[in-house]
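The values are calculated or read from the model by the stated rules, or taken from the named source; none is laboratory data. Predicted, not measured: the structure shown is a model, and the values here were computed from it. The area values use the complete protein model at the heavy-atom level, side chains included, leaving out ligands, DNA and RNA. Shrake-Rupley method; radii C 1.70, N 1.55, O 1.52, S 1.80 Å.
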Amino acid sequence: LDEETKQEINAALEKMESNLLSYKSKVEAATTLAELQAINQQIIQYLKDNKDVIKQNITSAITELAEEATQKAEELKQKIAQVLTLLKVTCPEQKTTISTLESQLAQLESEIATLKSAIQTKNTATMKQEIQKISQLSKEIVNNLKIIEEACL
């Protein structure tokens, strides 16, 4: 996360922590049921008032991570395309693995498109899923590249 996003999230969390500690102190100091009910109503209202801020901070953080994942995936996609072009010429005996890499490249392009769409629509659930899918697919691609490297180089 960039520093500004981190600071915003930390500030919101620190404010919430401060308010919850204040709530705890008030609860401990309460001497009547009426006082306790009033304190509970205050904290309930505070949480209701701030839930959108909390959600927005979480959405911002996930979106930033998704944008970073998109950028890294795009870089990987370009490198794979370049390597595939070279491998087809220098290592044609690895046709099966090269074919697998081509399929994985197409899948990576699809996952990137889905992630970009999720970023635009602020769909955090889909962003998290796509980040995981891209991460796993990237690992598989790297493993296949290692197989070809060991066989040809």
Per-residue HN-Hα couplings for region 18-25 [Karplus 6.51, -1.76, 1.60; θ = phi - 60°; Hz; x = Gly/Pro]: 4, 5, 5, 5, 5, 4, 4, 4
Set of lysines near Lys146 by C-alpha distance (under 24 Å), chain-local residues within fewer than 8 positions excluded: Lys72, Lys77, Lys79, Lys88, Lys95, Lys133
Sequence-separation-based contact order of the chain, relative, with Cα cut under 8 Å and 6+ spacing, percent: 25
Accessible surface of region 18-153, 1.4 Å probe, proportion on carbon and sulfur as whole %: 54
Cross-link pairs Lys48/Lys128; Lys15/Lys48; Lys55/Lys128 - those with Cα-Cα distance over 21 Å: Lys48/Lys128
Karplus-derived HN-Hα couplings along region 103-117 (A = 6.51, B = -1.76, C = 1.60, θ = phi - 60°), whole Hz, x at Gly and Pro: 5, 5, 5, 4, 5, 4, 4, 5, 5, 4, 4, 5, 5, 4, 4
For the chain, built as a Gaussian network whose Cα springs stay under 10 Å, the top-fluctuating residue of Ile43, Ile58, Ile131: Ile43
Percentage of interatomic Cα-Cα distances in region 40-153 larger than 25 Å: 40
In Hz, Karplus ³J(HN,Hα) per residue of region 78-91 (6.51, -1.76, 1.60; θ = phi - 60°; x = Gly, Pro): 5, 5, 5, 4, 5, 5, 4, 4, 5, 5, 4, 8, 8, 9
GNM flexibility winner over the chain from Ile134, Ile39, Ile80 (Cα, springs under 10 Å): Ile39
Nearest-ten-degree value, helix 124-152 long axis tilted from longest Cα axis of the chain: 30
Region 2-87 shape via C-alpha gyration tensor axes, a/c threshold 1.5: prolate
Average accessible surface area per residue within the chain, 1.4 Å rolling probe, Å²: 67
